[in-house]
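Here the structure comes first, spelled out in structure tokens, and everything after it is commentary.
The values are calculated or read from the model by the stated rules, or taken from the named source; none is laboratory data. Predicted model only: the values in this text are computed from it and were never measured. Positions of Cβ are backbone-derived with ideal geometry, glycine not excepted, and every protein chain shown enters the neighbour counts.
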Amino acid sequence: MAVAQQVGTVKKNYLQALNEALREEMARNEDLLLLGEDIGILGGAFGVTEGLQEEFGGHRVYDMPISEAAIVGVAVGAALNGKTVMAEMQFIDFISCGFDQIVNMMATYHYRTAGEVNIPVVVRGPAGGYGGGALYHSQMNEAWFCHSPGLKVVCPSTPYDAKGLMKAALRDGNPVIFYEIKELYRLNSIAEELPEEDYTVPLGKAAIRRSGKDLTFVTYGNNVYHCLEAAEVLFKEHGIDAEVIDIRSLVPLDEETIYTSLGKTNRVVVVNEAPMTCGFAGEIVARITNNAFDLLDAPPLRVTRLDTPVPWAKPLESFVLPGVDKIVAAGLRVARF
Amino acid sequence: MTNKAPTKLDFPASLIKHDYEEMLFMRIFEEKCQFAFRNGKAGGYLHLYVGMEPLATGWLNSIRKGYDYVITAYRDHGHALVLGSDPLAVMCEILGRKGGLSNGKGGSMHLYDAEHQLYGGWGIVGAHTALGLGLAFAAKYRGEDRVTLCYLGDGAANAGIFYESLNMAGLWDLPIIYIIENNYFAMGTRLEYHAADTNLSKRGYPFGIESEQLDSMDVMEVRKDAARIIEMVRKEQKPYLVEALTYRFVGHGAADNSQELYRTKEEVAKARKRDPIHLLHDVILEHNILTQGELEALEEKFRAEVDEIYAKAEASPHPDPEDVYTNVYTDISPEVGH
């Protein structure tokens with residue numbers, strides 16, 4: 001379970017990167033508090049906060065009762081009085097229990113005080129499917145919060161970004177909902193060396209994960225890896241050269257990087273893990289058709305979870321979530337249009 | 001057990017034997033679930049009832065099975081088994097197979113069996129306490145004398161929705177028994193670190209709900225308490241709150257490898273001295289209800305049965321992928337594909 005010994009001394013996995021970000025920010029900012037269920041003594045359900053209570057004390061790292069609404073409320077109240085707060089949702093699915101405090105209270109406080117108060121709160125939690133968690137331990141519900149003005153929403157896919165975005169989020173001064181992909185936490189294949197020095201990854205800046213000239217995949221989170229795999233299949237089997245954009249940050253969204261890519265490829269498939277209807281992929285497609293219609297040589301497509309709950313049985317879970325096959329098929333459709 | 005007069009039995013030998021068998025079967029079933037989980041056959045999350053068996057056996061054998069309503073959280077295998085769900089259907093659900101209670105779509109945390117009035121199995125902590133309230137409301141509205149048992153954990157007892165539910169239960173005199181299964185840990189957070197007052201039975205007080213704290217390791221005692229309280233709630237049509245003192249001998253979930261962070265081995269060993277199955281085992285020997293040989297044979301028999309159930313479940317097919325479109329709505333299907 002020891003976070004520090006997962007992958008040797010140099011490469012850090014996604015979980016270690018988050019742990020480092022929190023540790024370094026705790027040291028840097030004495031006003032930073034961490035709140036969450038089981039985050040202290042246990043170090044979190046997944047270990048993201050491992051060792052932090054020991055290092056920084058119970059007056060800065062709090063084990064909270066199972067009371068998501070009050071956790072967010074305490075975070076906002078503390079932020080009003082100058083604290084920066086990280087509030088963990090044990091699973092991002094449980095964020096629904098704190099929904100009102102987030103969308104009605106936290107999101108609007110800055111606005112309704114005419115900018116008098118800032119709410120530097122990061123609500124973060126393990127998200128996403130592909131792990132057999134069934135209905136209430138598998139969701140990507142980021143669209144709920146993208147739909148709530150006042151909140152920023154981010155979702156890193158690499159250890160480097162997890163650390164850099166977490167640091168940026170904790171310094172941002174706005175409330176940020178931070179989606180961590182739990183299936184990536186301990187994935188050794190994506191572990192990487194992280195800079196020795198302090199760094200941040202700015203909110204609102206996308207990353208190009210693969211350059212290509214024939215079509216563009218726009219995605220985030222776990223689906224970045226599915227798109228990369230699909231791009232390899234398209235290239236090897238069909239000679240189609242796909243670009244993969246990892247938006248990293250949903251609100252604010254880096255539209256420029258998307259349009260620049262479309263200027264080259266003229267074809268786009270947007271992939272997200274959440275259900276199709278009113279999902280963020282739909283928002284991206286809408287913006288592309290509004291702002292860059294002239295660049296398109298084919299209708300923009302979405303690949304998303306089916307509009308169903310996430311089932312428990314493994315083959316069914318795979319069926320409802322976006323997979324490489326579906327992404328390849330969509331890529332072929334736009335490429336051959 | 002030496003130099004002591006034999007304890008007096010409050011229940012017939014046949015009943016004691018029944019409860020022993022039921023709890024032993026549950027224990028062996030849970031051990032098999034642990035095995036399945038560790039071998040990647042039972043999904044991402046799974047929670048065992050080991051040590052807490054008297055709460056299912058004691059209470060659920062005291063209700064009118066198939067008539068009274070039962071709802072619980074995610075540690076739910078034992079409840080389904082005691083209520084009479086087919087163990088093969090339970091195992092199929094846990095392994096995500098077609099013959100499961102919800103056709104493999106719900107899984108370990110979400111067992112549901114309408115025939116036996118089991119309304120879940122719920123994975124969002126505390127949320128189902130309001131659903132239990134709804135079941136009790138419906139029963140009272142229809143003028144029936146059904147009682148609803150709503151189980152929750154000590155951690156769930158801090159969720160706001162529980163207090164909204166208690167208030168309405170008290171306001172409307174609904175026939176519901178909230179059973180707080182206090183196993184002293186909200187996952188990895190000890191009771192005194194999550195509860196302002198560790199006497200959780202007091203949590204009914206502000207709502208005028210009678211309550212008591214009950215040691216729940218001895219199934220015979222649980223039966224006595226359960227029968228008394230269920231009869232009272234059925235007759236008086238009022239809510240009741242029980243803080244059942246119990247203990248989970250195993251990790252929070254089947255993947256819990258961090259128990260040493262939140263409790264000591266000594267603490268677990270001490271609790272295990274009151275293992276409910278061992279307590280009954282001693283009573284059975286003391287009163288010559290079964291011999292040591294018969295007890296061992298029983299365990300052998302159950303192990304063989306559970307092995308067979310597991311083998312059958314594992315050989316059952318997964319649901320068809322197209323099944324994902326069914327039961328999302330009553331009348332329409334989600335768009336296929338995309």
Looking at A:Glu50, is it farther than 20 Å from B:Gly153 by Cα, of a type in the set (D, E, K, R) and within 11 Å of chain B (Cβ to nearest Cβ)?
yes
Are there any strands (runs of 3 or more DSSP E) wholly within segment A:195-309 with 3 or more residues that are buried (at least 20 other Cβ atoms within 10 Å of the Cβ), and if so which?
A:215-219, A:242-246, A:249-251, A:268-275, A:301-305
Checked segment B:235-252 for anything part of a loop (DSSP other than H, G, I, E, B) and either of a type outside the set (Lys, Arg) or closer than 17 Å to B:Asn61 by Cβ (or both); matches are B:Gln237, B:Pro239, B:Thr246, B:Tyr247, B:Phe249, B:Val250, B:Gly251, B:His252
Tell me whether segment B:315-325 contains one or more residues that are at pLDDT 95 or above, surrounded by fewer than 11 Cβ atoms within 10 Å (Cβ to Cβ) and more than 25 Å from B:Tyr45 (Cβ to Cβ).
no
Failed condition for A:Asn266, given (1) polar (S, T, N, Q); (2) within 18 Å of A:Val224 (Cβ to Cβ); (3) away from chain B (no Cβ under 11 Å)
(2)
Got at least one residue in segment B:264-282 being over 25 Å from the mean Cα position of the chain (by Cα) and not in a loop (DSSP other than H, G, I, E, B)?
yes
B:Arg234 within 14 Å of chain A (Cβ to nearest Cβ) and of a type in the set (Lys, Arg):
no
The one condition in (1) crowded, with 18+ Cβ neighbours inside 10 Å; (2) within 14 Å of chain B (Cβ to nearest Cβ); (3) under 28 Å from A:Leu321 (Cα atoms) that A:Val122 fails to fulfil:
(2)
Among what's in segment A:312-331 and is farther than 16 Å from A:Ala281 by Cβ and either more than 22 Å from the chain's Cα centre (by Cα) or of a type in the set (Phe, Trp, Tyr) (or both), pick the residue that is farthest from the other protein chains (Cβ to nearest Cβ).
A:Val328
Has segment B:192-200 got at least one residue that is out of contact with any helix residue (DSSP H, G or I) (no Cβ under 8 Å at 6 or more places or on another chain) and away from every other protein chain (no Cβ under 14 Å)?
yes
Segment B:76-119 - residue that is more than 14 Å from chain A (Cβ to nearest Cβ), assigned to a loop (DSSP other than H, G, I, E, B) and under 15 Å from the mean Cα position of the chain (by Cα) and, of those, surrounded by the fewest Cβ atoms within 10 Å (Cβ to Cβ)
B:Gly84
All but one of (1) in a loop (DSSP other than H, G, I, E, B); (2) farther than 30 Å from B:Tyr45 by Cα; (3) among the hydroxyl-bearing types (Ser, Thr, Tyr) hold for A:Tyr136, so report the exception by its number.
(2)
Among (1) among the β-branched types (Val, Ile, Thr); (2) more than 14 Å from chain A (Cβ to nearest Cβ); (3) more than 25 Å from B:Asp256 (Cβ to Cβ), which single condition is B:Ile161 missing?
(2)
Look at segment B:96-145 and say how many of its residues are closer than 23 Å to B:Val233 by Cβ, among the aromatic types (Phe, Trp, Tyr) and without any contact (Cβ under 8 Å) to a residue 40 or more places away in the chain.
2
Mind checking which residues of segment A:148-160 are part of a helix (DSSP H, G or I) and under 10 Å from the mean Cα position of the chain (by Cα)?
none
Conditions (1) in a helix (DSSP H, G or I); (2) farther than 30 Å from B:Tyr325 by Cβ: number failed by B:Tyr151:
(1)
Could you say whether any residue in segment B:223-234 is out of contact with any Cys (no Cβ under 7 Å at 6 or more places or on another chain) and not in a helix (DSSP H, G or I)?
no
Residues that are under 28 Å from A:Glu317 (Cβ atoms) and not β-branched (Val, Ile, Thr): does segment A:102-121 have at least one?
no
